[in-house]
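First comes the structure, then the notes that go with it.
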Ligand SMILES: [Zn+2]
């Protein structure tokens, strides 16, 4: 019987759980992600969280989702803006040394997309696109039933596709990429600009720091026209990007996840309407556009599914 561990590493929290099936897991152990002390402190916190999860069993393999572009084949993190000192860090070797087991690393959004494919909105498809829209916009591509990462290992950065050079820059400095207009951050920026320009909106009663994507969403739902215009524009841009992805990959399903989907029809109405601005009719007719199903569990479920895929499933009858 193998003890296989999945870990979801975020900028503030760590979760670790033991695989009990192809994508099922034990109740996760939790820890805070150290904000200081660099990679060593984070590796130590992960190791303690994993120790708690395995309850004394020897570990046969571990997969971890990390928030940043990385090379899953070499185990190297290229950059991780939420983790201090992780640029160029050999995370797989550090964890392997500390825990004494085989370790694979992967980008967190890619693992969330993999989870949706194995256990959520993409179940049963061969070609599947996952988009997560919250503070930023991330994604994953499952092509011919494989998680596609490309030459560098970083493919699937759907948030950084170009839309229009007239749009604002994202946090990475790309002028007019999808994340620069359709993320919660971008929606909040647009609302602050509207307030600063003196537009008539309920948001002008809020302190600038309080205006976030959620506040714009709430104001739009309450009928605020400026908030509705901003939110609708973001949803339309997301829909146009989905249309482009349909042209590029002709997937069977595109699942949208992340905090923005709490807006429901406010997001999906204009999003679906805009897909046809870009997509060819035939691939669009054969593609479902759906809400992601796993919510904030997707990262951990993806790490569990990935450790099982990577190291086998001797203690599991239900193989994919
Ligand atoms: Zn960008």
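Coordinate-derived values only; no laboratory data. No experiment lies behind these values; they were computed from the predicted model shown. Here the Cβ positions follow ideal geometry from the backbone for every residue, glycine too, while neighbour counts run over all protein chains shown.
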Normalized C-alpha radius of gyration of the chain, against 2.2 N^0.38 Å?
1.02
Per-residue counts of other Cβ atoms within 10 Å, averaged by peptide: what ranking do you get for 173-182, 148-157, 74-83, 8-17, highest first?
173-182, 8-17, 74-83, 148-157
What relative contact order, as a whole-number percentage, does the chain give when Cα pairs under 8 Å and 6 or more residues apart are counted?
22
Can you list the equivalent-ellipsoid semi-axes of segment 44-146, largest first and in whole Å, using the square root of 5 times each Cα gyration tensor eigenvalue?
25, 18, 13
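Kindly rank 204-213, 98-107 from highest to lowest mean number of other beta carbons found within 10 Å of each residue. Don't skip to the answer; put the middle values down first.
Numbers: 204-213: 14.5, 98-107: 20.8.
Top to bottom by mean Cβ count within 10 Å: 98-107, 204-213.
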So for the pair residue 200, residue 262, with labels modelled 7 Å out along Cα→Cβ, what separation do we get in nm?
2.9
Specify the angular offset, from 0 to 90 degrees and rounded to the nearest 10, of the alpha carbon long axis of helix 298-311 from the longest principal axis of the alpha carbons in the chain.
40
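Could you calculate the contour length gain from residue 248 to residue 98, that is, 0.36 nm times the residue separation minus the distance between their Cα atoms, to one decimal place in nm? Write out the running numbers ahead of the final one.
Details: separation 150, 0.36 × 150 = 54.00 nm, distance 4.20 nm.
Gain on stretching residue 248 to residue 98: 49.8 nm.
When the Kirkwood radius is taken over all Cα pairs of segment 135-183, what Stokes-Einstein diffusion coefficient follows at 4 °C and 1.567 mPa s, in µm²/s? Don't jump to the answer; show the numbers that get you there.
On the way: Rh = 11.4 Å.
Using the Kirkwood radius from Cα pairs, D works out to 114 µm²/s.
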Rounded to the nearest 0.05, what FRET efficiency do residue 143 and residue 27 give with R0 = 41 Å and r taken as the Cβ-Cβ distance? Could you check?
0.75
Once both label points are put 7 Å beyond Cα along the C-beta direction, the residue 152-residue 36 separation in nm becomes 3.3
Among the Cα-Cα pairs of segment 1-90, the proportion with separation greater than 19 Å, in percent, is 39
Taking max minus min of the Cα coordinates of segment 80-238 on each principal axis, largest first, gives extents in Å of 59, 38, 29
Tilt of helix 225-249 relative to the longest C-alpha principal axis of the chain, in degrees (0 to 90, nearest 10)?
60
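Okay, helix-only estimate at 222 nm for the chain: each DSSP H run of n ≥ 4 adds -39500 (n - 2.57), divide by all residues, round to 500 deg cm²/dmol; what do you get? Walk me through the intermediate numbers first.
Details: 10 runs with 122 residues, N = 320.
Result for the chain, helices only: -12000 deg cm²/dmol.
Packing-wise, with mean Cβ within 10 Å as the measure, how do 297-310, 134-147 rank, highest first? Can you show the working numbers first?
Values: 297-310: 26.6, 134-147: 21.1.
Per-residue mean Cβ counts within 10 Å order the peptides as 297-310, 134-147.
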Mind pulling the angle between the C-alpha long axis of helix 265-278 and the longest principal axis of the chain? Nearest 10 degrees, somewhere in 0 to 90.
80
